[in-house]
Amino acid sequence: MKKMLLSALALCLGLSQPVLAQNEQPKPVSELKYKLTEDGSRYVKATFLNQVWLRWNESNPGTLVNGKPSDNTFDIGLRRSRMQLFGQLTDHVFFYTQFGMNNFNYLSQNAGNRKLQAFFHDVLGEYKVFTHNEALKLGGGLTIVSGLSRFTQPSIGTIMTTDVPVFLQATVDQTDEFARKLSVYARGQLGRLDYRLAVSDPFPIQTNGQTAPAPGENATFTTYGHSHQYNGFFSYNFLDKEPHTTPYMAGTYLGDRSILNLEGGIIYQEDATWHLENGTNAVFNDMLLWSVAAFADMPLQDNKYALSAYAGYFNTDYGRNYIRNNGIMNPANGMSAAGNFSGAGNAYPMFGTGESVYTQLGLRLPNELLGEHGTLLPYASYRRSSYDRLEDPVTVFDTGVNWLINKHMSKVSVNYQLRPVFRNEAGGAVVRDAYASSAWLQYQISF
């Protein structure tokens, strides 16, 4: 009966299930994939990812949780829960969809309803022009294909640092849908050059679920008019080429590949933001964001260890003195301290006009370190941003360790973060007041 049930389940899921001898055990299934051709070159595949967070946070001064002052909070949340369905339908035709939700904790709601959270992240169709290589793919839809950096279009199941540097998802939930945009694009690999070019149709900020800010002396995204956005990203692969099935870019390969890249990206949008001159005259600002970076991810000593390292420079011009405070899965919903510039909970000036550097470094320890229970990957990351509107730089430090029980499929991660808290001073200056801590435990399932 057990074998019959396994065979029936495999048939329903489209998984190949061989005929078993009487005492033969079925081989474990590693993916949900239905082959449309015998060789598997045409297929439909389903995946699932869930990241559960248990987090302690030291609150910014004056933080309120449902009206109650809170110096610190503890919350349990779903950082990301996603389902993907994609496949190569013919030698030329590829499709990709992703459905799920993000940042779901005890305060989550949409117009007062906690049950309205999931949505389509990606829905795209793509045409591969040449069947014998990856030189040119033309596509369109709601997609992560973008410019600026690899972390603007990250594969979140392979993150090394438990979370991506979100400041590189530069317009997230302002004029996009959780970093996705309605776009037409071309992407491919010409020799060792990986490229992505896209024209995007930004959403108006007044449809992001929050009241759009009125224009003031500092730049904000405009509610007047509409313009398109132009994206470019280029990566030169000195060693192995990175996979090119979906538009997403890996965080770490855990020693399975030897990657050494130089990267650069750009995002441009005319009249993206505005500000007031003399309190009355609206002035429009073009948005220009660009970066250069290096990425290394490779095995060491015959794969006894694996190194993952990244360093990048980012120039982000949103317009005059643009600043956006943001908190990841913010555990607070109110603030009583008038002098606190950062906002409630764990928010801080995450995005702004200015210059930034970001680096991360990790080392996967020997695969047999914990025997059948996997291995460890300790890491650290550092970000420093000098924004025009702030007197002091934004510095964020993270360190932690991944327990890779089964690579990225099953892993437990612990992260400690130190972030800045800013305050308003008399005369309009914004200065760093202190630092605040947070720590979280994450369990990820990904297949």
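The values are calculated or read from the model by the stated rules, or taken from the named source; none is laboratory data. These numbers were taken from a predicted model, which means no experiment stands behind them. A quick note on method: Cβ atoms are made from the backbone with ideal geometry, for glycine too, and the neighbour counts reach across all protein chains shown. Remember, those area values only see protein heavy atoms, side chains included, never the ligands or the DNA or RNA. Shrake-Rupley method; radii C 1.70, N 1.55, O 1.52, S 1.80 Å.
Here the gap between N303 and Y230, fully extended at 0.36 nm per residue and compared with their Cα-Cα distance, gives a gain of 22.3 nm.
Here the range 351-447 exposes an accessible surface that is 60 percent carbon and sulfur, computed with a 1.4 Å probe and the other protein chains kept in place. Its Cα gyration tensor gives the chain an equivalent ellipsoid. The semi-axes, each the square root of 5 times an eigenvalue, are 38, 26, 22 Å from largest down.
Residues Y224, Y106, Y379, Y313, sorted by accessible area with the largest first, give Y224, Y106, Y313, Y379 [1.4 Å probe; ligands and nucleic acids excluded]. Under 1.5 on a/c is rounded, so check that first for the range 241-322, then, if it is not, pick prolate when a/b is larger than b/c and oblate when it is not; a ≥ b ≥ c are the square roots of the alpha carbon gyration tensor eigenvalues. Note, shape of the range 241-322 comes out prolate. Placing W274, W403 in order of accessible area, with the largest value first and a 1.4 Å probe, yields W403, W274. Overall form of the range 376-416: prolate. Here a/c, set by the Cα gyration tensor axes a ≥ b ≥ c, is 1.5 or more, and a/b is the larger of a/b and b/c.
For D398, the solvent-accessible surface computed with a 1.4 Å probe is close to 20 Å², ligands and nucleic acids excluded.
Share of carbon and sulfur in the accessible area of the range 277-331 stands at 51%, probe radius 1.4 Å. With each label modelled as a point 7 angstrom along the Cα→C-beta vector, the A294-F130 pair spans 3.0 nm.
Mean-square fluctuations from a GNM of the chain, with a 10 angstrom spring cutoff on Cα atoms, peak among N231, N102, N281 at N281. Rounded to the nearest 10 degrees, the inclination of helix 2-13 to the longest alpha-carbon principal axis of the chain is 50 degrees. Computed over protein heavy atoms with a 1.4 angstrom probe, the accessible surface ordering of E355, E217, largest first, is E217, E355. Taking every protein chain into account, the 1.4 Å probe leaves L390 with about 10 Å² of accessible area, to the nearest ten. In this view, the solvent-accessible surface of L307, computed with a 1.4 Å probe and all protein chains in place, comes to about 50 Å².
Rolling a 1.4 angstrom probe over the protein heavy atoms with all chains in place gives the chain an accessible area of 46 Å² per residue.
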